[in-house]
Amino acid sequence: MQIKAKHHACKAMVLFICGAIGYAGIEILWRGYTHWTMAVLGGALFLLLGGLNEWFLWDMPLWWQCIIGAAIVTDAEFITGFILNIWLGLGIWDYSGMWGNLFGQICPQYMLAWVGLSLVAIIIDDWLRYLLFGEERPHYQMV
């Protein structure tokens with residue numbers, strides 16, 4: 001039992017680090033900078049998005065996973081932004097100049113971007129699990 005728990009913890013740590021580096025890297029490419037909290041958020045989101053087809057056993061269409069993923073990212077961005085930007089006043093991002101924003105923390109434009117980011121994260125997670133941890137070879141339902 002202990003070995004299995006260590007294996008799961010190791011896998012989660014590897015996937016978290018991949019997500020943290022990936023998310024922070026995308027933000028640096030997009031904005032030119034990032035904040036360390038975005039790496040933490042990215043790692044956590046990578047685990048959540050990667051878990052979608054693990055929890056639903058590949059039965060959920062990929063496009064639906066992406067929409068759910070975008071909702072998860074948007075919710076996490078709102079909660080994180082509310083804590084970091086509004087409550088703590090860190091000013092990590094501010095979407096207040098964008099149409100349809102909510103308290104400057106989320107906006108419809110980025111929610112659409114999170115659909116594409118979710119697709120990339122889900123696929124990368126699946127292949128990492130297959131190649132590094134011997135899990136099931138990725139396959140997707142489109143409908």
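The values are calculated or read from the model by the stated rules, or taken from the named source; none is laboratory data. Treat the numbers as computed from the prediction; the structure is a model and nothing was measured. For neighbour counting, all protein chains shown are included, and Cβ atoms are generated from backbone atoms with ideal geometry for every residue, glycine included. To get the accessible areas, we keep the full protein, side chains included, count just its heavy atoms, and leave off ligands, DNA and RNA. Shrake-Rupley method; radii C 1.70, N 1.55, O 1.52, S 1.80 Å.
Coupling constants for segment 115-132 follow from the phi torsions by the Karplus curve (6.51 cos²θ - 1.76 cosθ + 1.60, θ = phi - 60°), and in residue order they are 4, x, 5, 5, 4, 4, 5, 4, 5, 4, 4, 4, 6, 5, 4, 5, 6, 8 Hz; glycine and proline get x.
Between segment 65-107 and segment 113-139, the alpha-carbon centres lie 24 Å apart. Ranking C10, C66 by solvent-accessible area of protein heavy atoms (1.4 Å probe, all protein chains present), from largest to smallest, gives C10, C66. The largest accessible area among D75, D126 belongs to the first residue in D75, D126, and the rest follow in falling order (1.4 Å probe, all chains).
Which order do you get for V143, V73, V115, V40 if you rank them by accessible area with a 1.4 Å probe, largest at the top? Intermediate results must be reported in sequence, preceding the final value.
Details: V143 145, V73 5, V115 50, V40 70 Å².
I get V143, V40, V115, V73, largest accessible area first.
Since only M111, G89, V143 are under comparison, the one whose Cα sits farthest along the positive direction of the charge dipole of the chain, derived from C-beta charges on Lys, Arg, Asp and Glu, is G89. Helices in the chain, meaning DSSP H runs of at least 4 residues, each add -39500 (n - 2.57). Divided by all residues, the mean residue ellipticity at 222 nm is -23500 deg cm²/dmol. Couplings 3J(HN,Hα) for segment 74-81, derived from phi with the Karplus relation 6.51 cos²θ - 1.76 cosθ + 1.60 (θ = phi - 60°), are 5, 4, 5, 5, 5, 5, 5, x Hz, where x marks Gly and Pro.
In the elastic network of the chain, a GNM with C-alpha springs shorter than 10 Å, the most mobile of A113, A44, A76 is A113.
With only alpha-carbon atoms in the gyration tensor, what are the semi-axes of the equivalent ellipsoid for segment 60-118, in Å, largest first? Mind dumping the intermediate values first?
Numbers: eigenvalues 109, 29, 10 Å².
Square roots of five times the eigenvalues give 23, 12, 7 Å.
Shown here: the chain, whose C-alpha atoms stretch 47, 37, 26 Å along the first, second and third principal axes, sorted largest to smallest. Ligands, DNA and RNA aside, L102 has an accessible area near 80 Å² when probed at 1.4 Å.
Computed about its Cα centre, the charge dipole of the chain is approximately 300 debye, with only Lys, Arg, Asp and Glu carrying charge at their Cβ.
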